């Protein structure tokens, strides 16, 4: 481990133009919960880990009492069409770590391009404007892609900012010439929202046209 982010490759998956799906902890834990549903659905396997000093100064304790550093994890599946790479993690850097956010998101995209990802989908939650409201919102790297993602089941997100990796990965992907979209589920609070995460996951499956081999 060094004083810089460190990516540990566990194995080399055989993938064909995979889509990167990012679901890190955030509002209502919507992105991470939806990404975990996707991992289980496509039976994706862990193939890489990303460690960083930009994460907070603690260790994660497993059920058996064994500790480990916080990390991001990359899972992959070649048994579905399209092939999928899924990114989840324990946490994101604090909002004050602006440089850290940029460094990590750039490293995520470097690795995504290394495994030949051509498209990026980020997942997250957003606060509802009205108590009790719900819904799916989308944003993208182009107007045409945003419109195609929205269809009849989602609305174009016009809420201003998308904070954290869900937004920054998308913005950095755009300047690299990668197509990308963000799927946001409206959540009532910061607490884990399984119902909204399930709705985001189901919408994602439709958007990807995902098929099992």
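The values are calculated or read from the model by the stated rules, or taken from the named source; none is laboratory data. Predicted model, so just to flag it, every value in this text is computed and none were measured. FYI the Cβ positions are ideal-geometry reconstructions off the backbone, even for glycines, and counts take in every protein chain you see.
The number of residues in the stretch 71-95 that are touching a strand residue (DSSP E or B) at 6+ places or on another chain (Cβ under 6 Å) and modelled with pLDDT under 95 comes to 0.
The one condition from (1) buried (at least 20 other Cβ atoms within 10 Å of the Cβ); (2) under 15 Å from the mean Cα position of the chain (by Cα); (3) touching a residue at least 60 places away in the same chain (Cβ under 8 Å); (4) under 23 Å from residue 95 (Cβ atoms) that residue 139 does not meet is (3). Taking interchain pairs and intrachain pairs at least six residues apart, which have beta carbon atoms under 9 angstrom, with the first residue in the stretch 108-125 and without any contact (Cβ under 8 Å) to a residue 12 or more places away in the chain and the second surrounded by fewer than 20 Cβ atoms within 10 Å (Cβ to Cβ) and assigned to a strand (DSSP E or B)? Listed pairs, sorted by first residue: 110/7. Checking every residue in the stretch 14-34 against the condition of being farther than 25 Å from residue 194 by Cα and either within 17 Å of the chain's Cα centre (by Cα) or without any contact (Cβ under 8 Å) to a residue 40 or more places away in the chain (or both) gives at least one match.
Could we say that residue 85 is under 15 Å from the mean Cα position of the chain (by Cα), under 17 Å from residue 208 (Cα atoms) and surrounded by 15 or more Cβ atoms within 10 Å (Cβ to Cβ) here?
Here the answer is yes, as residue 85 does meet what is asked.
When we screen 162, 190, 175, 183 for residues that are exposed (fewer than 14 other Cβ atoms within 10 Å of the Cβ), closer than 23 Å to residue 104 by Cβ and touching a residue at least 24 places away in the same chain (Cβ under 8 Å), the only hit is 190.
The residue that is modelled with the lowest pLDDT, counting only those in the stretch 135-147 that are in contact with a helix residue (DSSP H, G or I) (Cβ under 9 Å, 6 or more places away or on another chain) and over 15 Å from residue 173 (Cα atoms), is 135.
Tell me, which residue of the stretch 104-124 that is modelled with pLDDT of 95 or more and surrounded by fewer than 17 Cβ atoms within 10 Å (Cβ to Cβ) is nearest to residue 7 (Cα to Cα)? Filtering the stretch 104-124 for residues that are modelled with pLDDT of 95 or more and surrounded by fewer than 17 Cβ atoms within 10 Å (Cβ to Cβ), the one nearest to residue 7 (Cα to Cα) comes out as 110. What are the residues in the stretch 32-45 that are assigned to a loop (DSSP other than H, G, I, E, B) and in contact with a helix residue (DSSP H, G or I) (Cβ under 8 Å, 6 or more places away or on another chain), if any? Result: 44, single match. Filter the stretch 157-195 for residues that are part of a helix (DSSP H, G or I) and over 15 Å from the mean Cα position of the chain (by Cα); which is farthest from residue 80 (Cα to Cα)? Across the stretch 157-195, the extreme among qualifying residues is 175. Restricting to the stretch 1-31, name every residue that is touching a helix residue (DSSP H, G or I) at 6+ places or on another chain (Cβ under 8 Å), within 15 Å of residue 46 (Cα to Cα) and outside any loop (DSSP other than H, G, I, E, B). Within the stretch 1-31, 7, 20, 21, 22 qualify.
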